[in-house]
Amino acid sequence: MTTRRRKPRAPNRQSTVQCRKLLRTISEYLDNDLPRPMCAEIRKHLGACPKCELVVRSLKRTINLCKKADVARLTASDKTRIRKEILTAVSRL
Ligand SMILES: [Zn+2]
C-alpha cells in the first residue's frame, strides 16, 4: 500500500547545511570556475533540492538578462541629476 508522502515542513538540517555550502560556491559554479568533482556534487544537490535549483535557475536567468541588457552609460550630468533626485526623494521621507 502506498500513501502519499508529505514533504516535511521543518527544514531538513542536513540539506540546510548543504544548501549553505552550495550557495557559497554558486557564483564560481555559474562562472564555470569550479573543479569538476565540485560541479558534479553541486549538480547532484540541485537534482535533489528544489529550493537550490530554483535559486540557481533564477540566478542564471538574471545573469542572462544582465548580459543581454543594453545598459546605457550615464553621463556626469545624468549622475548629478539622479543624485539630486534621490536626495530630494529621501528628504521627503
Ligand atoms: Zn539545497
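The values are calculated or read from the model by the stated rules, or taken from the named source; none is laboratory data. Remember, it's a predicted structure, so these values are computed and weren't measured experimentally. Positions of Cβ are backbone-derived with ideal geometry, glycine not excepted, and every protein chain shown enters the neighbour counts.
Descriptive notes on the structure:
- Enumeration of residues in segment 61-93 that are free of Cβ contacts under 8 Å to residues at least 12 places away in the same chain, closer than 30 Å to residue 27 by Cα and part of a helix (DSSP H, G or I): 61, 62, 64, 65, 66, 67, 68, 79
- Restricting 77, 58 to residues that are among the hydroxyl-bearing types (Ser, Thr, Tyr) and within 16 Å of the ligand (Cβ to nearest atom) narrows the list to 58.
- Which numbered condition residue 53 fails, given (1) of a type in the set (D, E, K, R); (2) surrounded by 10 or more Cβ atoms within 10 Å (Cβ to Cβ); (3) modelled with pLDDT under 90: (3)
- Scanning segment 27-40 for residues that are surrounded by 17 or more Cβ atoms within 10 Å (Cβ to Cβ) and either outside any loop (DSSP other than H, G, I, E, B) or in contact (Cβ under 8 Å) with a residue 24 or more places away in the chain (or both) yields a count of 1.
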